[in-house]
Amino acid sequence: MDGNAKGWCKCNCLSVFRGNEEICTTVARFCIDFWKSEKLTQDQTIIDWIRYAQLGGFESGYGTKYLLPYASDGEEDPINLQKIRSTKICTSALCTVIGISGTTIKRLRKLANTTGCAKVHGMKGK
């Protein structure tokens, strides 16, 4: 990828999308479901990804790698589905795909390494 508007994602992790509308659609379906969920659920999902990547040995010399998120409807070509399942992306690419900032991922990484749980805002319910 040549980089997004902010210049943050400068890797080739998202090259799997080039010329493959089915993969784009499958990942977009996940993103829609993700953004429909509550903020606390979104945060916990990302924390779980971080912990899974760390425990699953997806750490490399270039940082943590994550599995590409997707939502299958069962109609995808098996070759594309296998390509999605085997694609690992960097933190920058993950943030680009799901639309979160670097500050958010740092905050969630800290929570993943300490409590492992997304926390409710301190003023909630008062």
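Taking the range 65-87 only, how many residues are crowded, with 16+ Cβ neighbours inside 10 Å and either part of a helix (DSSP H, G or I) or not aliphatic (A, V, I, L, M) (or both)?
Selection size over the range 65-87: 10.
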Residue that is surrounded by the most Cβ atoms within 10 Å (Cβ to Cβ) [pool: residues in the range 99-119 that are assigned to a helix (DSSP H, G or I) and of a type in the set (S, T, N, Q)]: 104
The range 7-45, residues that are in contact with a helix residue (DSSP H, G or I) (Cβ under 7 Å, 6 or more places away or on another chain) and part of a loop (DSSP other than H, G, I, E, B): 8, 9, 11, 20
Test result for residue 96, of a type in the set (S, T, N, Q), open to solvent by 20 Å² or more (accessible area, probe 1.4 Å) and in contact with a Leu (Cβ under 8 Å, 6 or more places away or on another chain): yes
Number of positions in the range 26-56 that are of a type outside the set (Val, Ile, Thr) and touching an Asp or Glu at 6+ places or on another chain (Cβ under 9 Å): 2
Every residue from the range 68-82 that is within 16 Å of the chain's Cα centre (by Cα) and modelled with pLDDT of 90 or more: 68, 69, 70, 71
Pairs where the first residue, in the range 1-18, is surrounded by 15 or more Cβ atoms within 10 Å (Cβ to Cβ) and the second is in a helix (DSSP H, G or I) and at pLDDT below 50, C-beta under 8 Å, 6+ apart: none
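The values are calculated or read from the model by the stated rules, or taken from the named source; none is laboratory data. Fair warning: this is a prediction, and the values are worked out from it, not measured in the lab. As a convention, Cβ positions derive from the backbone with ideal geometry for all residues, glycine included, and neighbour counts pool all protein chains shown. Only protein heavy atoms, including side chains, enter the accessible area calculation; ligands, DNA and RNA are left aside. Shrake-Rupley method; radii C 1.70, N 1.55, O 1.52, S 1.80 Å.
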